[in-house]
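The values are calculated or read from the model by the stated rules, or taken from the named source; none is laboratory data. Bear in mind the structure is a predicted one, so any value in this text is a computation, not a measurement. Cβ atoms come from the backbone with ideal geometry, glycine included; neighbour counts cover every protein chain shown.
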Amino acid sequence: METMTPGETGVRVIANAEMAAAWDGPEGEHWAHHADRYEQIGERQLSRLLSAAEVSPTDTVLDIGCGTGAATRAFALAASEGAAVGIDLSSQMLQRARDKATAAGIPNVSFVQGDAQVHEFPAGEYSLAVSAMGTMFFADPVAAFTNIGQALQPGGRLAILTWRALELNEWLTAVRGALAVGRDLPSPPLGAPGPFGLADPDHVRHVLDGAGFTGIDLTPSNEPAIFGSDANDAFDFVSSFGITRGLTQGLSEADRATAMANLRQIMTDHATLGGVEFATAAWLITARRSS
Ligand SMILES: C[S@@+](CC[C@H](N)C(=O)[O-])C[C@H]1O[C@@H](n2cnc3c(N)ncnc32)[C@H](O)[C@@H]1O
């Protein structure tokens with residue numbers, strides 16, 4: 001069901017009210033505050049996305065769930081005679097995105113606040129829709145990708161990054177393991193809106209096929225992510241994660257202290273000369289809007 005958000009958020013019509021509350025709230029604030037760090041963490045996956053999308057100088061690009069705009073800027077630079085538009089739910093992240101694009105002096109980039117599932121994109125405006133981890137949060141993924149498809153020209157391309165299953169993503173299993181302190185933590189269900197919403201390849205094919213895409217291809221993209229320059233730096237960053245706050249809430253003082261000590265130890269265990277490194281596992285998904 002569509003709901004109206006309070007006027008001051010700037011989001012007109014949204015279908016994903018819970019996600020908007022998080023991303024246009026505390027989660028977005030955290031990402032906006034740590035924008036440089038998050039962009040650095042995603043750098044290697046982003047360069048895989050750029051190659052897979054085969055962006056040309058004349059492309060008109062839509063970046064879905066653009067956050068602070070790293071992909072939007074990269075695609076705008078590659079589409080030097082075209083343009084790139086980023087859409088996101090989070091006013092805080094979009095503010096950082098606009099500031100960063102201005103500071104970088106990139107003229108052919110713009111940003112809009114909205115819910116990509118229901119936003120009224122100009123029909124057939126874009127030749128390429130991309131996303132770096134911004135399309136797994138839709139309550140109704142078929143409706144969302146149908147809406148995104150309508151924004152594409154017939155035959156227009158889709159290239160998105162999504163997380164593969166939790167157990168393949170050491171960056172998260174390590175943090176969860178450190179914070180479990182004897183608890184059996186429930187795994188986020190595959191296919192539910194959230195980081196693993198598009199982790200199951202059969203579900204991805206079903207969603208994109210249902211939304212009118214063809215030539216659907218999934219390729220694993222496993223790249224290391226650097227969480228900090230050394231163990232202390234990485235610990236400070238990971239301590240402020242929403243998941244860390246969530247998983248330590250309600251713990252006794254002693255268990256909380258153990259959990260945080262475990263977390264610090266994990267950062268030490270993963271320290272390398274190049275920084276504190278964790279394995280990540282994503283899907284690079286490409287498809288085309290049916291002509
Ligand atoms: C994991 S972050 C990734 C941000 C950015 N692409 C990056 O790589 O740093 C997910 C982003 O998707 C956005 N998002 C989630 N659901 C959305 C929706 N329905 N419409 C638009 N943006 C959405 C969030 O606000 C958030 O900025």
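Name the single residue, out of those in region 260-289 being touching a residue at least 40 places away in the same chain (Cβ under 8 Å) and surrounded by fewer than 15 Cβ atoms within 10 Å (Cβ to Cβ), that is farthest from the chain's Cα centre (by Cα). Per the criteria, the residue is GLN265. One residue alone among ALA15, ALA70, ALA74, ALA32 is buried (at least 16 other Cβ atoms within 10 Å of the Cβ), at pLDDT below 95 and within 12 Å of the ligand (Cβ to nearest atom), and that residue is ALA15.
(1) within 30 Å of LEU128 (Cα to Cα); (2) of a type outside the set (A, V, I, L, M); (3) without any contact (Cβ under 8 Å) to a residue 60 or more places away in the chain: which one isn't true of ARG245, the others all being true? Against the list (1) within 30 Å of LEU128 (Cα to Cα); (2) of a type outside the set (A, V, I, L, M); (3) without any contact (Cβ under 8 Å) to a residue 60 or more places away in the chain, ARG245 comes up short only on (1). From the set of residues in region 51-67 that are crowded, with 24+ Cβ neighbours inside 10 Å and among the β-branched types (Val, Ile, Thr), which is farthest from the ligand (Cβ to nearest atom)? The residue in question is VAL55. Among residues of region 180-228 being aliphatic (A, V, I, L, M) and in a helix (DSSP H, G or I), the one that is nearest to LEU161 (Cα to Cα) is VAL204. Any idea which residue in region 132-169 is nearest to the ligand (Cβ to nearest atom), counting only those that are more than 10 Å from the chain's Cα centre (by Cα) and in a strand (DSSP E or B)? By that ranking, first place goes to ALA159. Scanning region 106-129 for residues that are away from the ligand (no atom under 12 Å from the Cβ) and in a loop (DSSP other than H, G, I, E, B) yields ILE106, PRO107, ASN108, GLU120, PRO122, ALA123, GLY124, GLU125. If you go through region 118-143 and keep only what is of a type outside the set (A, V, I, L, M), in contact with a Ser or Thr (Cβ under 9 Å, 6 or more places away or on another chain), buried (at least 17 other Cβ atoms within 10 Å of the Cβ) and farther than 13 Å from GLY67 by Cβ, you end up with TYR126, SER127, PRO141. Of all the criteria given as (1) closer than 28 Å to LEU62 by Cβ; (2) at pLDDT 95 or above; (3) under 22 Å from the mean Cα position of the chain (by Cα), the one not satisfied by GLY215 is (3). Just one residue in the set GLY194, GLY250 is exposed (fewer than 14 other Cβ atoms within 10 Å of the Cβ) and modelled with pLDDT under 95; that residue is GLY250.
Among the residues of region 54-82, just one is in contact (Cβ under 8 Å) with a residue 60 or more places away in the chain, more than 29 Å from ALA22 (Cα to Cα) and of a type in the set (A, V, I, L, M), namely VAL55. What about ALA103, is it touching a residue at least 12 places away in the same chain (Cβ under 8 Å) and either within 14 Å of the ligand (Cβ to nearest atom) or in a helix (DSSP H, G or I) (or both)? The answer is no for ALA103. Which of the residues spanning region 64-93 are part of a strand (DSSP E or B) and under 15 Å from the mean Cα position of the chain (by Cα)? Across region 64-93, the qualifying residues are ILE64, GLY86, ILE87, ASP88.
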